[in-house]
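The values are calculated or read from the model by the stated rules, or taken from the named source; none is laboratory data. Bear in mind the structure is a predicted one, so any value in this text is a computation, not a measurement. Don't worry about glycine lacking a Cβ; one is built from the backbone with ideal geometry, like all the others, and counts go over all protein chains shown.
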Amino acid sequence: MDVDHYRQLLLAKEKQLVADMSQLHAGTLEQDDPGAQDEMDRVVQSESKDLLSDLKSQEYDLLQDVRAALRRMDDGTYGSCAKCGKPIDPKRLEAVPWAEYDVQHQPDNHTPSST
């Protein structure tokens with residue numbers, strides 16, 4: 001397995017996520033409009049804040065997954081399923097380089113995003 005190739009994919013994804021999170025943070029700050037005039041403005045503003053908050057949470061979770069994959073590279077466990085220890089299919093790692101599990105053992109509550 002070409003670990004350097006996957007490391008480059010992960011580092012590029014990490015850089016993208018950090019930039020995206022910065023933009024989302026800036027968007028959250030822009031949403032703070034104390035001059036919202038009526039109830040509808042406040043509802044729209046609140047819903048926008050909720051959406052941005054959800055996006056930031058998803059981006060943060062994905063960033064943590066990417067960084068965990070980089071740590072697995074450092075400790076020599078990258079590319080092995082965390083449950084069974086067998087190698088993760090290279091096609092899966094190409095699509096989702098931060099994958100911690102093979103397809104068979106992927107927990108239902110931890111579906112990796114390809115965002």
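Residue check: is Leu29 at pLDDT below 75, surrounded by 16 or more Cβ atoms within 10 Å (Cβ to Cβ) and over 30 Å from Asp2 (Cβ atoms)?
No, not satisfied.
Within segment 58-107, restricting attention to residues that are aromatic (Phe, Trp, Tyr) and over 14 Å from Asp2 (Cα atoms), which residue is surrounded by the most Cβ atoms within 10 Å (Cβ to Cβ)?
Trp98
Would you check if there is a residue in segment 49-64 being under 17 Å from Leu11 (Cα atoms), acidic (Asp, Glu), touching a Leu at 6+ places or on another chain (Cβ under 8 Å) and in a helix (DSSP H, G or I)?
The answer is yes; a qualifying residue exists.
Kindly establish whether Leu9 is modelled with pLDDT of 95 or more and either of a type in the set (A, V, I, L, M, F, W, C) or part of a helix (DSSP H, G or I) (or both). So that I can check it myself, show each step before the final result.
Working: modelled with pLDDT of 95 or more: yes; either of a type in the set (A, V, I, L, M, F, W, C) or part of a helix (DSSP H, G or I) (or both): yes.
Against the criterion (modelled with pLDDT of 95 or more and either of a type in the set (A, V, I, L, M, F, W, C) or part of a helix (DSSP H, G or I) (or both)), Leu9 qualifies.
(1) of a type in the set (A, V, I, L, M); (2) at pLDDT below 95; (3) touching a Pro at 6+ places or on another chain (Cβ under 9 Å): which one isn't true of Met21, the others all being true?
Going through the list (1) of a type in the set (A, V, I, L, M); (2) at pLDDT below 95; (3) touching a Pro at 6+ places or on another chain (Cβ under 9 Å), Met21 breaks only (3).
Looking at segment 65-91 only, could you name the residues that are in a helix (DSSP H, G or I) and over 19 Å from Leu11 (Cβ atoms)?
Selection gives Lys91 alone.
Assess whether Val43 counts as being in a helix (DSSP H, G or I), at pLDDT 80 or above and surrounded by fewer than 15 Cβ atoms within 10 Å (Cβ to Cβ).
So Val43 fails the test.
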